[in-house]
Amino acid sequence: MIRLLPVVLVLVTALSIVGALNPVVQWLETRRLRRGLSIAIVFLTLLVITLLVVTLTIPAFLAEVKSLIDQEPALRARLVSRLAASL
């Protein structure tokens, strides 16, 4: 059963994606687009949205990581002093 867990998780994820995106695909089909083209439009739209989110998120995340690295010695000193005071 443990070996089947990844397969089951992929299957559940795939069915969830299909269930969530099928109404949009059907709506596009009612607008006289073929099913294949409708699916391509939906996935390309999701890809563009994902790329935009990543593009907007990564620079801010890297700035925060750089700031944390720059502040690391001071944070370590505060942690040491607090741990020493608690003993």
I'd like to know if segment 56-65 contains one or more residues that are closer than 30 Å to residue 23 by Cα and either part of a helix (DSSP H, G or I) or among the aromatic types (Phe, Trp, Tyr) (or both). yes
Is it the case, given these coordinates, that residue 28 is assigned to a helix (DSSP H, G or I), open to solvent by less than 60 Å² (accessible area, probe 1.4 Å) and in contact with a helix residue (DSSP H, G or I) (Cβ under 9 Å, 6 or more places away or on another chain)? yes
Per-region count, segment 31-46, residues surrounded by 14 or more Cβ atoms within 10 Å (Cβ to Cβ) and in contact with an Asp or Glu (Cβ under 7 Å, 6 or more places away or on another chain): 1
Is it the case that residue 21 is aliphatic (A, V, I, L, M) and open to solvent by 80 Å² or more (accessible area, probe 1.4 Å)? no
Criterion first (open to solvent by 90 Å² or more (accessible area, probe 1.4 Å) and either in contact with a helix residue (DSSP H, G or I) (Cβ under 9 Å, 6 or more places away or on another chain) or not in a helix (DSSP H, G or I) (or both)) does residue 68 satisfy it? yes
Being among the hydrophobic types (A, V, I, L, M, F, W, C), out of contact with any Phe, Trp or Tyr (no Cβ under 8 Å at 6 or more places or on another chain), part of a helix (DSSP H, G or I) and surrounded by 10 or more Cβ atoms within 10 Å (Cβ to Cβ) is the requirement here; does residue 85 meet it? no
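The values are calculated or read from the model by the stated rules, or taken from the named source; none is laboratory data. In this text, all values refer to a predicted model and were calculated from it rather than measured experimentally. Using ideal geometry, Cβ is built from the backbone for each residue, glycine included, and neighbour counts are taken over all protein chains shown. Note: areas computed on protein heavy atoms with side chains; ligands, DNA, RNA excluded. Shrake-Rupley method; radii C 1.70, N 1.55, O 1.52, S 1.80 Å.
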